[in-house]
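Everything below concerns the one structure shown next.
The values are calculated or read from the model by the stated rules, or taken from the named source; none is laboratory data. It should be emphasised that the depicted structure is a prediction, and the values quoted were computed from it without experimental measurement. A quick note on method: Cβ atoms are made from the backbone with ideal geometry, for glycine too, and the neighbour counts reach across all protein chains shown. Remember, those area values only see protein heavy atoms, side chains included, never the ligands or the DNA or RNA. Shrake-Rupley method; radii C 1.70, N 1.55, O 1.52, S 1.80 Å.
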Amino acid sequence: MSLEDITTRIAKAEQGAGRAAGSVTLIAVSKMQPDERVEAALAAGHRHFGENRVQEAAGKWPGFRDRFDGITLHLIGPLQTNKAREAMELADTIHSVDRPRLANTLARLAQELGRCPDLFVQVNTGEEPQKAGILPADADGFIAECVRLDLPLRGLMCIPPVDEEPSLHFALLAKIAARNGLSGLSMGMSGDFERAIALGATHVRVGSAIFGDRADA
Ligand SMILES: *Cc1c(COP(=O)(O)O)cnc(C)c1O
């Protein structure tokens, strides 16, 4: 697999779903990847990247930003409140807003910094105890709270349970987003991004299918 193959598969999936060409943003998930693989994607012109740890992102992206223009950095992993300021300074989009305390902290920091990244609320569609995300039953209330805090909420994000058909989770996420008037859907990874696009994904987060196995795998 390569960036080009994935881009082609995304274009086919958009077409197959009757969606406009270019309606899906490919976030190349670069966590735990050697710098030269990331650099190759940058040199090929790719600009959307995802990281799941603030510390790792802080170690590599300022340097890449010095050398390549127009990078959009997405933070996709669980975010501790004590890392929120650094996350807001580093990232253009945060996909993992998942609890009231974090939403309050982001709102306070947004006032202080005079800016805020685009935000997605992470929903724990599989209601897995070990996984981050607001429970589906609490999603509408939490989204309303984020709106009340004036946070720039763009959409919802989910990570389906590994052993279940992801389409059911993608459909649930799309339904919650639609009834709350949110247009962004961050869903789909290496193994299931085409199914996510069929169900309305606007952002797919693909790591290993582009870059190969990670150091953690
Ligand atoms: C690592 C990660 C991905 C990418 O996973 P792949 O299976 O390598 O495509 C997507 N989303 C999140 C939240 C991740 O942590």
| Sole residue being without any contact (Cβ under 8 Å) to a residue 24 or more places away in the chain and open to solvent by less than 20 Å² (accessible area, probe 1.4 Å), chosen from 79, 102, 106, 75 | 102
| field | Counted residues, the range 14-32 - those being within 16 Å of the ligand (Cβ to nearest atom) and either touching a helix residue (DSSP H, G or I) at 6+ places or on another chain (Cβ under 7 Å) or farther than 19 Å from residue 189 by Cβ (or both) | value | 5
| Only one residue in 191, 181 is of a type outside the set (A, V, I, L, M), open to solvent by 40 Å² or more (accessible area, probe 1.4 Å), more than 15 Å from the chain's Cα centre (by Cα) and within 16 Å of the ligand (Cβ to nearest atom), so which one is that? | 191
| request: Output the residue which, of all residues in the range 197-208 that are more than 6 Å from the ligand (Cβ to nearest atom) and surrounded by fewer than 24 Cβ atoms within 10 Å (Cβ to Cβ), is nearest to the chain's Cα centre (by Cα). | output: 202
| task | Kindly establish whether residue 160 is more than 25 Å from residue 39 (Cα to Cα), within 11 Å of the ligand (Cβ to nearest atom) and crowded, with 19+ Cβ neighbours inside 10 Å. | result | yes
| said: When the residues of the range 169-178 are narrowed to those that are touching a residue at least 12 places away in the same chain (Cβ under 8 Å) and more than 16 Å from the chain's Cα centre (by Cα), which ends up nearest to residue 152 (Cα to Cα)? | reply: 176
| In the range 1-33, what residues are surrounded by fewer than 13 Cβ atoms within 10 Å (Cβ to Cβ) and not in a helix (DSSP H, G or I)? | 18, 20, 21, 22
| message | Six or more apart or on different chains, Cβ atoms under 8 Å: show the pairs whose first residue is in the range 186-199 and on the phi > 0 side of the Ramachandran plot and whose second is aromatic (Phe, Trp, Tyr). | response | 188/170
| query | Counting just the residues of the range 41-61 that are touching a Leu at 6+ places or on another chain (Cβ under 8 Å) and in a helix (DSSP H, G or I), which one comes out farthest from residue 13 (Cα to Cα)? | reply | 58
| message | Against the conditions (1) within 12 Å of the ligand (Cβ to nearest atom); (2) open to solvent by 20 Å² or more (accessible area, probe 1.4 Å); (3) modelled with pLDDT of 95 or more, where does residue 217 fall short? Just the number, please. | response | (3)
| query | Could you list, in sequence order, the residues of the range 41-64 that are away from the ligand (no atom under 16 Å from the Cβ) and exposed (fewer than 14 other Cβ atoms within 10 Å of the Cβ)? | reply | 43, 44, 45, 59, 62, 63
